[in-house]
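Worksheet: the structure to be examined is printed underneath.
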Amino acid sequence: MNIKSNKISILAGALALALSNSVVAQTQVIHAGQLLAVPGEKPLNKQTIVIEDGKILSVEKGFLPASNFANNATLIDLSKSFVMPGLMDMHVHLQTEFGAHNTQDTVQLSDADIAMQSVHFAKITLMSGFTTVRDLLSNPEQMYALRDGINKGWIEGPRIIAGAGVSITGGHLDVDGMSPDMLDIKSSETICDGPYECRKITRLAIKYGADAIKVSSTGGVLSDTDTGTGQQMTDDELKEIVDTAHGLGRKVASHAHAAAGINAALRAGVDSVEHGSYANKESLKLFKKTGAYLVPTLLAGDTVVHMAENDGFMSGPIQEKALRVGGDMLKNFRKSYKAGVKIAFGTDSGVSRHGINAQEAVLMHKAGMSTSDILKSATVNGADLINMSDKLGTIEEGKLADIIATDNSPLKNIEELLDVDFVMKGGKVFKQQ
């Protein structure tokens with residue numbers, strides 16, 4: 001054999017060995033002390049989760065040796081931990097955090113600065129145990145880039161369902177609280193008036209990459225205007241947006257506080273109502289009739305109340321709405337839960353600080369929701385809302401390996417979610433304490 005052919009042979013052998021090792025290294029075995037494989041069901045003791053190529057291959061009884069599944073399988077010892085599917089937050093805003101600096105950031109930070117900030121917030125969110133989020137209104141181009149960068153493995157963050165916002169002129173999702181010159185500069189590109197204009201804007205949002213559509217059916221607490229929290233978008237505008245989005249395979253979330261706006265959105269066929277602060281008897285009937293989810297965002301309500309009472313930077317209109325609406329959200333959520341409305345976990349993080357998303361679970365429990373239903377809302381229900389039940393929400397054969405662990409059971413103490421010790425997304429370990 002000549003030198004050239006010998007080198008080729010050596011290189012081929014090295015490549016084959018490298019490829020062989022990479023395949024073997026993709027097999028992981030988790031020993032789970034307690035395993036909540038399907039939230040809503042009873043947890044199991046001493047289980048083995050087998051993961052291959054980022055997906056769950058099987059769940060076996062007992063602590064089986066890793067060598068049973070592959071010669072060089074990696075063993076992850078969570079035998080003293082409570083193990084469950086990765087958490088899902090159905091309402092976040094990864095590009096910002098509300099507070100005294102917010103208006104200043106709007107005019108001082110460049111688009112590139114905000115994009116870098118969103119990378120930071122995304123990693124914080126992932127490390128807190130939230131492996132999938134639905135971002136409902138950020139700068140679209142930047143959010144799509146963040147979503148895609150995470151999917152390609154360029155940066156660390158949760159899986160993102162990126163939603164584009166659609167609002168009427170002067171509505172909650174339009175720009176406010178600035179001088180007329182700044183209003184023109186910062187004007188939103190997804191503003192529409194009348195059903196046909198709203199149809200076009202919805203199509204454009206989806207054309208440029210939106211995974212979901214968010215409509216502003218009512219006014220909002222953090223709009224720096226005294227236009228209230230009643231219905232803003234008309235029934236025909238809502239119906240046109242929903243029909244258009246559904247026709248293009250996208251779901252629709254509706255920001256809604258007042259009952260009239262909640263009910264109009266539900267009649268139009270939205271898939272979820274965000275906040276739902278003043279749902280009435282008709283609302284509860286419509287929720288159950290349509291099967292739409294309520295995404296309660298109790299953490300946002302709690303946050304703005306504390307800000308209104310203590311921080312002193314809110315304008316008069318915002319402060320009034322924050323105290324009134326934020327103060328009412330907990331008791332109104334309790335009514336919806338007791339009536340059997342379907343609940344999907346969502347925080348509105350960005351109003352609250354990123355990384356404390358699990359505080360929502362504490363508030364939900366305070367309102368009377370069982371720990372089992374809370375965990376289901378943040379896993380099984382979230383996956384259903386974003387049409388990913390075949391991939392996420394449970395630890396079962398064929399699902400993506402999104403797995404977290406805590407020291408003790410959050411079924412017994414929901415505050416365990418505030419300190420997640422282990423985070424895996426798609427088979428990759430991002431945190432292990």
Problem - Backbone N under 18 Å from the D243 label point (7 Å along Cα→Cβ), restricted to the range 260-289 - result: 264-271
Completion exercise
With V351 itself left out, Lys, Arg at +1 and Asp, Glu at -1 over residues whose Cβ is under 11 Å from its Cβ give -2
Problem - Net charge of Cβ neighbours under 15 Å - reference Q433; Lys, Arg +1; Asp, Glu -1 - result: -3
Completion exercise
Once Lys and Arg are counted +1 and Asp and Glu -1 for all other residues with Cβ under 12 Å from that of D236, the total becomes -3
Fill in the blank from the handout: For 248-255, 421-428, ranked highest to lowest by mean beta-carbon neighbours within 10 Å, the order is 248-255, 421-428
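Bear in mind these aren't lab numbers, they're just calculated from the coordinates by the rules spelled out. Small disclaimer: the values here were computed from a predicted structure and weren't measured. Reconstructed Cβ throughout: ideal geometry from the backbone, glycine too, with neighbour counts over all protein chains shown.
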